[in-house]
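Asks: Before anything else, here's the structure in question.
The values are calculated or read from the model by the stated rules, or taken from the named source; none is laboratory data. Bear in mind that the values here come from a model prediction, so they are computed numbers and not experimental data. Counting neighbours? That spans all protein chains shown, and the Cβs are built from the backbone with ideal geometry, glycine included.
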Amino acid sequence: MKRKGIKSKILNHILSLILLSFLVIGAVCFYSAHIILKEQAVSGEKQKLEQYVQHVGYIQETTENLARLVALDKTVQGLFGKNTEDSFSRLRYKDDLERKLTEYMLSQIDCVCISILGDSMCYSKERTSYDFENAVWYQKFKESGSRTGFAPPGNIAVIKARYKVDVLPYILTCYDATGKSSEPVDIVVEIRKEQFAQETTIDDGLVQAFLLYDGYGNLLSEKGKSTVAYKELPELKENGNTVVTELDNGNILLVNGSMKGEWRCVAEISVQSMNRKIGDSLKFIPICMGITGLLLLIILYQDVDRITRPLHKLSAASKCIGEGNLDTRVEINTTDEIQELGDTINTMAENLQRYIKKSIAYEKDMVNMEIDRLMLQINPHFIYNTLSTISYMAEEEGNDRIARFSNAFIVLLQDTLRADTDNYFTTLQQEIKNVDNYVTLQKFKYEDKVEVFYEIPHELLECRVPNILLQPIVENALFHGIVPKTGPGMIIILAYHDKGRLCICVQDNGVGMEEENLQAVLQDKKLTTGTQRKIGVGNVRNRIQYIYGEEYGLEIKSILDVGTSVILRLPCEYEEKKENM
């Protein structure tokens, strides 16, 4: 199967990631923009509705103020008590009142008629009929128990017109300001109903219907067709703010009831028209995303090509090195991790060349060492057989001193031969015996120069330790500490258990060492003396760390002219696999 290049893999992953990101971002942006545009559209229509409500409120307030001005006028107040005057005085007063009412009508363009009604009188400007008692709108107003406010809409035939005019009456009940008469008088100001429809506009196609209701549920103005009846309108808030409601058909209903007399203004926004307008506004999103994605792909392709070009060089160089051409070198100048990788490959090739050369030399040395090891094994066996003969002859001759010396050396040599086999471990008890044999041999030469003491708990004697562990330490203490000292010395060997470890301490009261000599002993700088071969302290440390790890080993503490302490730390293990103490 043909493998895909890293360039193709990166591009495929990036394209998949970009496509997924664009889909998610596009969906989120489209959804968010749709919500924002919807809120803006509703907010715009809400502002238009509130502007219209303000205009209606202005008409209401203007009409109310006109009625109050009429009620407080001196001429109108003079109407109270006119029933007691003669007919001529009443006619003259009527003319004065009509002129006054005319002045007030001219002050408000949309005012059709102003009438003053009492129990025994009726004055009207522009009305052809004074039969208010039988008017439906007047009866409903009186039945509501209100003293002031707008009545239901009606129509009147004015004097100078040949047709009836739809009006909206405003009624204000007033009394004699002087208190001379208790008879109430109704001041009726009738304004054109059509002025409310003139201010209603549906200019952007979003509003399906625009309606104005009075407190009696009568429709004062209507443009378009609403899907909600008056009785189905939602309840208004106490603060009079516009209530926004989403209908079952998806349309948005706006209702404002901040006008006087519990009037309500209703606007119904068509969801189809709104979605159509929002869709037109959102067309730019996929276009912008497409252009952005194309530019991004071009830039990414160039960047991926720039990044993968050095990787191709690394791949080619790796193949050459893998085929054995270690002289291959790669040159990359990207000043980043790829350049570091190229430098590492070059260094690796150089190290491989050096390592191969060293390996060849090492193999030659190993062959020579194996030959030496086999040669060394021959000598101990020969010496062992010879010593056995000497020991036998000494016993035959009755020379106990030579016999004891030979037997001690034979035992020590047997342990050395065991170490040359696969048996690398022994017990601490056996290691102490080897030290005893070694000290016995040395006493034949140094006699009373040294004494060895042991402080080892009985339970630690069966601990497993590497072969030939303590003899090099004791030998170092004897020759470098006790022998150079004037007078006899002693060596103390202690063993104790510390946090799962076996600690063995070899102390002497010899001449001690300076720091320079101490480091020399640790590094085994003097491994041989003449033609003799011996195991040093550093070798013991290396063996411990090789077998058990870096956390184990030995530590040397020495004070000049006082003595030296060597502390060995090993895991506490037993020959029969007992649990650590």
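Asks: Out of region 467-485, which residues are in a loop (DSSP other than H, G, I, E, B) and over 10 Å from V450 (Cβ atoms)?
Replies: Correct list: N467, I468, L469, L470, P484.
Asks: Quick check on my filter: what residues within region 358-382 are within 60 Å of the chain's Cα centre (by Cα) and either modelled with pLDDT of 85 or more or of a type outside the set (D, E, K, R) (or both)?
Replies: Matches in region 358-382: S359, I360, A361, Y362, M366.
Asks: Follow-up. Quick test of your reading of the structure: M513 fulfils all but one of (1) closer than 20 Å to Y574 by Cβ; (2) of a type outside the set (D, E, K, R); (3) out of contact with any helix residue (DSSP H, G or I) (no Cβ under 6 Å at 6 or more places or on another chain). Name the failing condition by number.
Replies: Of everything listed in (1) closer than 20 Å to Y574 by Cβ; (2) of a type outside the set (D, E, K, R); (3) out of contact with any helix residue (DSSP H, G or I) (no Cβ under 6 Å at 6 or more places or on another chain), M513 misses just condition (1).
Asks: Evaluate region 62-80: report whether one residue or more is in contact with a Gly (Cβ under 9 Å, 6 or more places away or on another chain), at pLDDT 85 or above and polar (S, T, N, Q).
Replies: Just the residues of region 62-80 that are in contact with a Gly (Cβ under 9 Å, 6 or more places away or on another chain), to begin with: 64, 79-80.
Still in the list and also at pLDDT 85 or above: 64.
If we keep only those that are polar (S, T, N, Q) too, we end up with none.
Taking every residue of region 62-80 in turn, none turns out to be in contact with a Gly (Cβ under 9 Å, 6 or more places away or on another chain), at pLDDT 85 or above and polar (S, T, N, Q).
Asks: A further question follows. Out of all the residues in region 244-258, which are in contact with a Leu (Cβ under 8 Å, 6 or more places away or on another chain) and surrounded by fewer than 18 Cβ atoms within 10 Å (Cβ to Cβ)? Give the steps one after another, and end with the answer.
Replies: Here is the first cut: in region 244-258, the ones in contact with a Leu (Cβ under 8 Å, 6 or more places away or on another chain) are 244-247, 253-257.
Hits for region 244-258 are V244, T245, E246, L247.
Asks: Let me ask something else. Any residue in region 269-276 that is touching a residue at least 40 places away in the same chain (Cβ under 8 Å) and closer than 30 Å to I171 by Cβ? Let's see the steps before the verdict.
Replies: Pass one, region 269-276, residues touching a residue at least 40 places away in the same chain (Cβ under 8 Å): 269-270, 273-274.
Of the ones still in play, those that are also closer than 30 Å to I171 by Cβ are none.
No, the conditions are met nowhere in region 269-276.
Okay, residues lined up against (1) surrounded by fewer than 17 Cβ atoms within 10 Å (Cβ to Cβ); (2) under 60 Å from the mean Cα position of the chain (by Cα); (3) basic (K, R); (4) outside the structural domain of V452 (by the TED database):
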residue	(1), (2), (3), (4)
P472	no, no, no, no
E475	no, no, no, no
H480	no, no, no, no
G487	yes, no, no, no
H497	yes, yes, no, no
C505	no, yes, no, no
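Asks: Quick check on region 262-277: of everything there that is in contact with a helix residue (DSSP H, G or I) (Cβ under 9 Å, 6 or more places away or on another chain) and part of a strand (DSSP E or B), which residue is surrounded by the most Cβ atoms within 10 Å (Cβ to Cβ)?
Replies: Per the stated criteria, the residue is A267.
Asks: Suppose we keep only residues that are assigned to a loop (DSSP other than H, G, I, E, B) and touching a strand residue (DSSP E or B) at 6+ places or on another chain (Cβ under 9 Å) within region 486-505. Which one would you say is nearest to L570 (Cα to Cα)? It would help to see each step written out before you state the result.
Replies: Quick first cut of region 486-505, residues assigned to a loop (DSSP other than H, G, I, E, B) only: 486-488, 499-500.
Those left that are additionally touching a strand residue (DSSP E or B) at 6+ places or on another chain (Cβ under 9 Å): 488, 500.
Numbers: P488: 31, G500: 9 Å.
Applying the filter and picking the extreme gives G500.
Asks: Right, next: Starting from region 423-437, keep only residues that are within 11 Å of C463 (Cβ to Cβ), then list their pairs with residues that are in a helix (DSSP H, G or I) and at pLDDT 90 or above whose Cβ atoms are within a distance under 7 Å, requiring at least 6 positions of separation or different chains.
Replies: As it stands, the answer is L428/L460, since those pairs meet every condition given.
Asks: Conditions first: (1) within 45 Å of the chain's Cα centre (by Cα); (2) modelled with pLDDT of 85 or more. R354 passes all but one, so which condition is the exception?
Replies: For R354, the exception is condition (1).
Asks: Let me ask you something else. State which residue is surrounded by the fewest Cβ atoms within 10 Å (Cβ to Cβ) when the search covers only region 204-221 and only residues that are of a type in the set (S, T, N, Q) and touching a residue at least 60 places away in the same chain (Cβ under 8 Å).
Replies: N218
Asks: Let me ask something else. Within region 93-120, count every residue that is closer than 23 Å to P184 by Cα, assigned to a helix (DSSP H, G or I) and out of contact with any Phe, Trp or Tyr (no Cβ under 6 Å at 6 or more places or on another chain).
Replies: Counting residues in region 93-120 that are closer than 23 Å to P184 by Cα, assigned to a helix (DSSP H, G or I) and out of contact with any Phe, Trp or Tyr (no Cβ under 6 Å at 6 or more places or on another chain) gives 11.
Asks: Quick one: what pairs do we get from region 546-560, first residue surrounded by 12 or more Cβ atoms within 10 Å (Cβ to Cβ), second among the acidic types (D, E) and part of a loop (DSSP other than H, G, I, E, B), C-beta under 9 Å, 6+ apart or different chains?
Replies: S558/E514; L560/E514
Asks: Would you point out which residue out of V244, V189 is β-branched (V, I, T) and more than 43 Å from the chain's Cα centre (by Cα)?
Replies: V189
Asks: If you don't mind, another one. Which of the residues that make up region 553-571 are outside any strand (DSSP E or B) and at pLDDT 95 or above?
Replies: From region 553-571, those outside any strand (DSSP E or B) are 560-562; that's our starting set.
Matches in region 553-571: none.
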